[in-house]
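The values are calculated or read from the model by the stated rules, or taken from the named source; none is laboratory data. On a predicted model such as this, the values are computed, not experimentally measured, just so you know. Using ideal geometry, Cβ is built from the backbone for each residue, glycine included, and neighbour counts are taken over all protein chains shown. In case anyone asks, the SASA skips ligands and DNA or RNA and just uses the protein heavy atoms, side chains included. Shrake-Rupley method; radii C 1.70, N 1.55, O 1.52, S 1.80 Å.
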Amino acid sequence: MLLIHCPHCGTRPELEFSYGGEAHIARPADPSQVSDDDWASYLYLRSNTKGVHAERWRHVRGCGRFFNALRDTTTDRILVTYKAGEKPPGEAR
Amino acid sequence: MSAWRLPSGGHIDRSRPLRFTFDGRSYTGYAGDTLASALLANGVHLLGRSFKYHRPRGIMTAGPEEPCALVTVRRDEARCTPNLRATQVELHEGLCAYSQNRWPSLAFDVGQIAEWFSALLPAGFYYKTFMWPRSAWHKLYEPLIRRTAGLGKAPKLADPDRYAQQYAHCDVLIVGAGPAGLAAAQEAAARGARVILCDERAHSGGSLLADDRARIDGQTSAEWVDGTMAQLRANPRVRVLQRTTAFGYFPHNLMGLSERLTDHLAAPPPGLARERLWQVRAREVILATGAIEQPLVFPGNDRPGIMLGGAALHYLKHHAVLPGRRVVVATACDSAYRVARALQAAGAQIVQFIDLRPQTDRPALAALRELGIRCDGDLRIVGTRGSNRVTGVDIARIDATGAAREQRSIDCDLVLMSGGYVPSVHLFSQSRGRLRYDETLQVFVPGESAERERSAGACRGIAGLADALQDGARAGAAAASAALGTADASAANPAFTVDAAAPTPEPLDVPRASVAMHGPKAFVDFQHDVTLRDLDLAVREGFRSIEHIKRYTTTGMATDQGKTSNLNALHHAARELGQAVPAVGLTTFRMPYTPVTFASFAGQARGELFDPVRRTPMHDWAVQHGAVFEDVGLWKRARYFPRDNEDMHAAVARECRAVREHCGIFDASTLGKIAVVGPDAVEFMNRMYVNEWSKLAVGRSKYGVLLRDDGFVYDDGVVARVAADRFHVTTTTGGAARVLAMMEDYRQTEWADLKVWLTSTTEEWAVIALQGPRARDILAPLVDGLDISAAALPHMGVVEGTLQGVPMLLFRVSFTGELGFEVNVPAAEGAKVIAALHAAGERFGLTPYGTETMHVLRAEKGFIIIGQDTDGTVTPDDVGLAWAIGKSKRDFVGKRALARPSMQQSDRKQLVGLRTRDPHIVLEEGAQIVDTPGQRAPMTLIGHVTSSYASATLGHSIAMAVIAGGRARMGHTLYVPMPGGEIPVEVCSPVFYDPQGARLNV
Ligand SMILES: [Zn+2]
């Protein structure tokens, strides 16, 4: 069971959270302008990262809020969590 | 004093003799014995029969790695635990144990005939031998194999014991209370860390339990262990858990521990839990799990009376048992030398000591010779004798051609084998740490850690007591510093003065693979009966990866998880394949380290507490009226209300007629309800649902359809606009939570700018449906003057009011096709209101109905149920709901996907009705459909039945189905192939009853 740091509440056990898939995949602002292939990619294609993965979590049995985490998929270590809408820390580096 | 017990020594209490039985025979042991040591003290070596060949098996080890000595321990009919390792079962007064997998008796077992046919049971026999003829598999082979192969039997009664679960946190968790673990605990505790120390045995000390010669800081090993333990127990920041196995290493330093509380007690106090499952979250973990001695592989190496050298030493020193008097020792490493000396000193005769390694002039051999022991190097055991216990061995020198020279037979009653110690890296590997192959030790040792964890002592290849103690102390200091955030002081080594006489096991200095000796019945995996020949066969048949070899031969796949077989198998396979060991790979270590009972995982979650139960506010009303309930998710829903011994069919027919002719009353409280509130509520609804909401007036409702962004129907329900900025959204019973979660996802992450709030109100409201032509007549007198006439409250109208003073939100809606109302009142008033409605309706023939009738009535009207008539691959158009889509909307969830070409194809599966030619036949839901009769398998399947009922109203069966291009097949005859023959069906509209909807608008 992972220990996850909710940016709003603090560190809590995984039982309080639900997983939300890969992060930073924005829904196109005007889907009608998106090609069929691009729409299919938006729906179905994910990076399936081995290593550091930006992903969404929701503190569903706590504050209810979505946030993002960088997790190493090979070790399950969570490097950092940050609020929805923020860029992954270290992006600027 | 039994014949094999020494008059003094050991950690047993000779003042406390204990009587026990094994297979019905009585024996005596002492407090401090295990079942294994007590049986050995009584000269009992035959403990069970092997898995596949039913070969006699005895005691090979003295710990959790035991592959052979599995027994059933029985307290009573219900407390009967199979597959326990006799090496771990603590003796108590009256212990009652049985051997397993034998018939009719342990000493004479007819299943051993399997061995005569063993040519039929090679590696992969599951895949080959029994494949033909296929019909024989179910009738003959499988029942036979199931009866003859296998382990103990589970009891048939429910487990009467209580199992506790506990969470704990600490700075440093130490697994293993051997020298390294104790030193680590001492050091970590001295630095102020909160420490948990667990050990699977009843006594701490690990390898020191079998070591009465070592002196640590001037004390005997026993004194040092006792002193250290006393110190730790006195420290309030230290928790010591004995009889506690760390079975699983989970992410983020969560360790699963299984503590056995009562199994060692003759009369467990009532109320005390039998086991306690610990979930320990540790800042830092120290693994001090020791090393496991490996067997040698030679022909007939599995007979009772053949055991590991270290095990014999443990029985001798810890339990004061001499496992044999005429002993042959075979070794590939140095550790067996002190075993031989110890046994000789205790009165056994070492009739032959052989060292497999090629040097014949070792000083150690010469030293043994001086003790009068016949010994030599470069020798092998090439065969063994004896049926239920070993009576002799054949030894020989193997020349360069592989031929046996100077072969001779030796009589003996005990054979000790020593194939070197292998670090116990199970937990490290479970933690996803990377293992590293150590070429010198020829074993895998912990490499890079994945968790905040460190290994100490023998489990990372540190040999020798002094080094293990230092290593443990260093690890304890470092872990405490890391956990407490203090400066790392691990460099300041605590000093242990260890007597040099203490033994220092040395690594193998022969290639490990060469310890294997070919010949018949040279076992690698003792629990699954896998031999060298099986491994050879797998390699000959082309298996290259150890993962495949493992699965093909089943080596390492038994309950012992290959603790004494994996490495031998790996080295042998690598040699046969001509590859380096790391290239062949290592199989994955999985939890649990040793088996854990299901009961301890279940804990209190059994019986009534297994799952929470959700009951509606009107549950008791339904009980009073004789409802039969069904589980819908966690909800209890009334399925039907039988009267006068009606069966379900009769009750449903009566309830359906009552609704169509008079009126029915139904508890619809389980429907999901979400309040969507805020200035942007209408914009949010427009984006979420396919429908156009802007024009929906306050006081009106609409059937809403929710898609996912892939365009497939996700949920549906009536949505009411109760204020300009407020929607009352209903969802399916099962969809309530996931619809809210999906809405929250879009609200928070895609449209965070919208001013809208979502609240689950499912449990705020009790919902009572009144459905039928008399519904208004029943309701009108109760609603405190509210006008509910057709003009004032038309179909899909919504109004707030009171019902006998109770605040009410009243919907005029219908899921039955009849005039209908859904009365929403605060949950706490539900029971009162349903009773009042029921009483007022009695003179109109008001009848309670359940979910089964609800299903029939909605199917007669062609209304779909999400999840029954849809399966996550249907579009609104597929199920005839395209009319709901707001055509002028720029966007909504799922709109873009609906424009994809594949969503427009005319051969998509579409919802249609089906009528059977024979009106009495009710199709099976899920049955497949074909378009021409007489097809042979594989048939061309064009769809399946989604809903099917007998309709009392219509006098014939009805069904709904999704069929490729279904709407173009109206009037066509299709076929439903069933075991009893094909059923012809005609495609029709899914609306079977009142297609014009005349009955709604009254
Ligand atoms: Zn939170």
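Of all residues in region A:34-62, those satisfying the criterion of being exposed (fewer than 14 other Cβ atoms within 10 Å of the Cβ) and more than 29 Å from residue B:890 (Cα to Cα) are A:47, A:48, A:50, A:51, A:61. The single condition among (1) surrounded by fewer than 24 Cβ atoms within 10 Å (Cβ to Cβ); (2) closer than 24 Å to residue B:265 by Cα that residue B:6 does not satisfy is (2).
Residue-wise test of (1) away from chain A (no Cβ under 14 Å); (2) of a type in the set (Val, Ile, Thr).
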site: B:633; (1), (2): yes, no
site: B:656; (1), (2): yes, no
site: B:667; (1), (2): yes, no
site: B:671; (1), (2): yes, no
site: B:674; (1), (2): no, yes
site: B:679; (1), (2): yes, no
site: B:691; (1), (2): yes, no
site: B:695; (1), (2): yes, no
site: B:708; (1), (2): no, no
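Pairs are defined by a Cβ separation below 7 Å, a sequence spacing of at least 6 or placement on different chains, a first member in region B:972-993 that is farther than 24 Å from residue B:863 by Cα, and a second member that is of a type in the set (A, V, I, L, M); the pairs so defined are B:977/B:930; B:977/B:939; B:978/B:927; B:982/B:976; B:983/B:921; B:983/B:923; B:983/B:976.
Can you pull out every residue in region B:393-412 that is closer than 23 Å to residue B:303 by Cβ and outside any strand (DSSP E or B)? Result: B:412, single match. Just checking, which of B:326, B:276 is under 23 Å from residue B:38 (Cα atoms) and among the basic types (Lys, Arg)? Of the residues listed, the single one that is under 23 Å from residue B:38 (Cα atoms) and among the basic types (Lys, Arg) is B:326. Counting the residues of region B:557-593 that are surrounded by 20 or more Cβ atoms within 10 Å (Cβ to Cβ) and either basic (Lys, Arg) or part of a loop (DSSP other than H, G, I, E, B) (or both) gives 10.
Against the definition (within 13 Å of the ligand (Cβ to nearest atom), at pLDDT 95 or above, open to solvent by 80 Å² or more (accessible area, probe 1.4 Å) and out of contact with any helix residue (DSSP H, G or I) (no Cβ under 8 Å at 6 or more places or on another chain)), how does residue A:83 come out, yes or no? The answer is yes for residue A:83. Is it the case, given these coordinates, that residue A:60 is away from the ligand (no atom under 16 Å from the Cβ) and touching a Ser or Thr at 6+ places or on another chain (Cβ under 9 Å)? Answer is no for this residue. Inside region B:256-281, residues that are in contact with a helix residue (DSSP H, G or I) (Cβ under 8 Å, 6 or more places away or on another chain) and either open to solvent by less than 50 Å² (accessible area, probe 1.4 Å) or within 14 Å of chain A (Cβ to nearest Cβ) (or both) make up a count of 4.
Listed by first and then second residue, the pairs linking a residue in region A:24-46 that is under 25 Å from residue A:67 (Cβ atoms) and more than 9 Å from every other protein chain (Cβ to nearest Cβ) to a residue that is part of a loop (DSSP other than H, G, I, E, B) and among the hydrophobic types (A, V, I, L, M, F, W, C), with Cβ atoms under 9 Å apart and 6 or more places separating them unless they lie on different chains, are A:46/A:25.
Answer yes or no as to whether residue B:177 is part of a loop (DSSP other than H, G, I, E, B), at pLDDT 95 or above and either of a type in the set (A, V, I, L, M, F, W, C) or within 23 Å of the chain's Cα centre (by Cα) (or both). Yes. Give the residues of region B:454-467 that are charged (D, E, K, R) and buried (at least 23 other Cβ atoms within 10 Å of the Cβ), sorted by residue number. Within region B:454-467, B:454, B:460 meet the criteria. Of all the listed residues (B:974, B:954, B:941), the sole one being modelled with pLDDT of 95 or more, among the hydrophobic types (A, V, I, L, M, F, W, C) and either crowded, with 19+ Cβ neighbours inside 10 Å or touching a Pro at 6+ places or on another chain (Cβ under 6 Å) (or both) is B:974. When region A:1-12 is filtered for residues that are more than 8 Å from chain B (Cβ to nearest Cβ) and closer than 22 Å to residue B:249 by Cα, the ones remaining, listed by number, are A:4, A:5, A:11, A:12.
When the strands (runs of 3 or more DSSP E) confined to region B:717-785 are screened for residues that are surrounded by fewer than 18 Cβ atoms within 10 Å (Cβ to Cβ), those reaching at least 3 such residues are found at B:757-760.
State the number of residues belonging to region B:363-402 that are closer than 22 Å to residue B:343 by Cβ and of a type outside the set (Lys, Arg).
Qualifying residue count, region B:363-402: 23.
Of the residues making up region B:317-348, those that are open to solvent by less than 10 Å² (accessible area, probe 1.4 Å), under 18 Å from residue B:3 (Cα atoms) and hydrophobic (A, V, I, L, M, F, W, C) are B:320, B:321, B:322, B:327, B:343, B:348.
Could you tell me whether residue B:416 is open to solvent by less than 70 Å² (accessible area, probe 1.4 Å) and part of a loop (DSSP other than H, G, I, E, B)? So residue B:416 fails the test.
Residues of region A:65-80 that are facing chain B (nearest Cβ under 7 Å), under 17 Å from residue B:744 (Cβ atoms) and open to solvent by less than 70 Å² (accessible area, probe 1.4 Å): A:66 alone. Please specify each residue of region B:856-879 satisfying the condition of being of a type in the set (A, V, I, L, M, F, W, C) and under 36 Å from the mean Cα position of the chain (by Cα). Selection gives B:865, B:866, B:874. For region B:801-828, give me each residue that is open to solvent by 40 Å² or more (accessible area, probe 1.4 Å) and either β-branched (Val, Ile, Thr) or within 51 Å of the chain's Cα centre (by Cα) (or both). If the condition is that a residue be open to solvent by 40 Å² or more (accessible area, probe 1.4 Å) and either β-branched (Val, Ile, Thr) or within 51 Å of the chain's Cα centre (by Cα) (or both), then B:802, B:807, B:815, B:826, B:828 are the ones that fit.
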